[in-house]
Amino acid sequence: MSKNMIVSPSLLSADFGNLAKDIDMINRSDAELLHLDVMDGVFVPNISFGFPVIKHVQRLCQKPLDVHLMIVEPQKFIPQVRDCGTRIMTVHQEACIHLNRVVQQIHDAGMLAGVALNPATPVMMLRDIICDVDLVLLMSVNPGFGGQKFIVQTLNKVRELRQLITLNGSNAQIEIDGGVNAVTGAQLAEAGADILVAGSYVFGAEDPIKTIEGLKNL
Ligand code: DX5
Ligand code: ZN
């Protein structure tokens with residue numbers, strides 16, 4: 001049964017030579033969010049785009065921005081992320097020694113706070129912060145690149161995270177990032193995910209708007 005998934009297309013797979021065209025497609029689609037992947041070449045073995053690009057995107061995009069920072073010391077950039085008009089700022093648990101403080105700082109800056117976990121990081125790492133976060137992003141591929149194969153163990157992590165959230169009365173939403181398509185999306189919906197990030201599946205599709213609609217109605 002459809003629970004109406006929230007879809008957050010990842011701009012990483014868009015046409016960087018013509019972002020305005022792809023953002024116009026997002027505006028016309030049923031996507032609730034736009035996912036933006038910031039990489040630093042240190043936390044992940046790749047570099048994507050930075051704040052000047054996100055600011056430009058924000059001017060064109062009518063959907064709230066869902067910014068996923070794959071960088072070390074993300075707390076240094078909270079003001080810049082906020083100044084891009086970001087709705088959700090997600091940092092990696094593995095990149096934050098003082099995660100509790102970073103989450104507080106994101107809230108103080110007026111944004112929703114997300115925490116991301118790499119595939120090898122157990123859900124239990126979030127036990128003592130689950131009530132303070134608005135979103136948990138589970139990486140279902142190793143971060144850094146689009147178009148990789150979905151790691152099936154993520155399904156167990158989604159179930160475990162759902163339990164942790166329920167048990168603690170947390171309002172955190174579960175977002176999944178990497179290798180999402182109609183097949184893995186349906187499995188994730190069943191396991192209890194709320195938000196699906198999809199890059200190559202959406203932007204590589206013949207009809208991206210229909211593809212987004214399909215993910216929403218899984
Ligand atoms: C990967 C990024 C993802 C990426 C997903 O490190 O965090 O958001 O764009 O790409 P797909 O959907 O192609 O796996
Ligand atoms: Zn991402």
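The values are calculated or read from the model by the stated rules, or taken from the named source; none is laboratory data. Everything quoted here is computed from the prediction, not taken from an experiment. When we count neighbours, we look across all protein chains shown, and the Cβ atoms used for this are built from the backbone with ideal geometry, even at glycine. These area figures cover heavy atoms from the full protein model, side chains too; ligands, DNA and RNA do not enter into them. Shrake-Rupley method; radii C 1.70, N 1.55, O 1.52, S 1.80 Å.
Checking the stated criteria, D30 turns out to be surrounded by 14 or more Cβ atoms within 10 Å (Cβ to Cβ), assigned to a loop (DSSP other than H, G, I, E, B), acidic (D, E) and at pLDDT 95 or above. Kindly indicate whether any position in region 79-92 is more than 14 Å from ligand 1 (Cβ to nearest atom), open to solvent by less than 40 Å² (accessible area, probe 1.4 Å), more than 20 Å from F203 (Cα to Cα) and in a helix (DSSP H, G or I). Looking for residues that are more than 14 Å from ligand 1 (Cβ to nearest atom), open to solvent by less than 40 Å² (accessible area, probe 1.4 Å), more than 20 Å from F203 (Cα to Cα) and in a helix (DSSP H, G or I), one finds at least one in region 79-92, hence yes.
Identify the residue in region 47-78 that is assigned to a loop (DSSP other than H, G, I, E, B) and farther than 23 Å from N142 by Cβ and, among all such residues, is least open to solvent (accessible area, probe 1.4 Å). It would help to see each step written out before you state the result.
So in region 47-78, the residues assigned to a loop (DSSP other than H, G, I, E, B) come out as 48-50, 61-64, 71-73.
Then drop every residue that is not farther than 23 Å from N142 by Cβ, which leaves 61-64.
Values: C61: 16, Q62: 143, K63: 38, P64: 32 Å².
Step by step, filter region 47-78, then rank; the result is C61.
Residues that are at positive phi, over 13 Å from the mean Cα position of the chain (by Cα) and in contact (Cβ under 8 Å) with a residue 12 or more places away in the chain are absent from region 27-40 altogether.
Would you say I47 is within 13 Å of ligand 1 (Cβ to nearest atom), out of contact with any Ser or Thr (no Cβ under 6 Å at 6 or more places or on another chain) and over 17 Å from V197 (Cα atoms)?
On the way: within 13 Å of ligand 1 (Cβ to nearest atom): yes; out of contact with any Ser or Thr (no Cβ under 6 Å at 6 or more places or on another chain): yes; over 17 Å from V197 (Cα atoms): yes.
When the stated conditions are applied, I47 passes them.
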